Amino acid sequence: MRIIFVRHAESEGNADGRLQGHADFGLSDVGRAQAATLRDRLRAEGLQPTHAYSSPLQRTAETARIVADGWSSSVAHWDDLKEHDIGIFSGLTWAEIDEAFPNVARRFHEIRDWDIVEKAETLAQRSARGRRMIDTVIDCHDNDDVIVLFTHGGILSHMVAALM
């Protein structure tokens, strides 16, 4: 089994310096060019995955649509591939967070712990979801399958940790 992880290309939120989480931003023009570059590279390598899955959030679904152009397999949306929920920080810049939630922001800058952010997915929840995704991929696919997972940087680290 071969598993290929793809983090979405640059989104409008990335370009604006926004923390995204579940906030739903599309790709920027730079992001569309990045996705096309990856598509061209994977074509040149002859990649034809047997299965492809994507987070349903716009930035990732659009990356998947561009990259998968010409593949014989379609891309299925999988909610578990969404970025981790960053609660009340979702969609905001650090300046906006510092102004709106000064106490939480100050503490977060000190300890970098999402568990203190209201409505954010906890470390235990993120880790469990990463493990669940990897277990599902392994349980539902054959050893000769080539699987592409289009996802987000935050949750991707938990999937890689589950593999390790």
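The values are calculated or read from the model by the stated rules, or taken from the named source; none is laboratory data. Source: prediction; values computed, not measured. Don't worry about glycine lacking a Cβ; one is built from the backbone with ideal geometry, like all the others, and counts go over all protein chains shown. All accessible areas refer to the heavy atoms of the entire protein, side chains included, with ligands and DNA or RNA removed. Shrake-Rupley method; radii C 1.70, N 1.55, O 1.52, S 1.80 Å.
A few comments on the model shown:
- For the chain, the carbon plus sulfur part of the accessible surface works out to 49%, probe radius 1.4 Å.
- Evaluated at q = 0.08, 0.19 Å⁻¹, a Debye calculation over the C-alpha positions of the chain (equal weights, vacuum) places log10 I(q)/I(0) at -0.26, -1.19.
- With R₀ fixed at 22 Å, the C-beta to C-beta distance from residue 5 to residue 33 puts the FRET efficiency at about 0.60.
- Sparsely packed loop sites in the stretch 1-70 (the trypsin sites (Lys or Arg not before Pro) outside DSSP H, G, I, E and B with at most 11 other Cβ atoms within 10 Å) do not occur.
- Model label zone, residue 136; criterion: amide N under 16 Å from point 7 Å along Cα-to-beta-carbon; scope the stretch 69-91: 75-85
- DSSP-defined beta bridges in the chain - what % are antiparallel, rounded to 5: 20
- Solvent-accessible area per residue for the chain (1.4 angstrom probe, square angstrom): 51
- The stretch 77-164: Rg to Rh, with Rh as the Kirkwood radius over Cα pairs: 1.08
- Longest DSSP-loop-exposure-free segment, GluC sites (Glu not before Pro), the chain, at most 12 other Cβ within 10 Å: 46-117
- The stretch 123-164 versus the stretch 1-74: alpha-carbon centroid distance in Å: 17
- Remark on residue 4: its backbone amide H falls under 5 Å from those of 147, 148, 149, a criterion applied only to residues 5 or more positions apart or on other chains, H modelled at 1.01 Å from N.
- A DSSP coil position with no more than 10 other Cβ atoms inside 10 Å describes the following trypsin sites (Lys or Arg not before Pro) in the stretch 109-152: 112.
- Using only side-chain charges placed at the Cβ, +1 for Lys and Arg and -1 for Asp and Glu, the dipole size of the chain relative to its Cα centre rounds to 240 debye.
- The simple spin-label model puts a point 7 Å past each Cα toward its Cβ; for residue 123 and residue 15 those points are separated by 3.5 nm.
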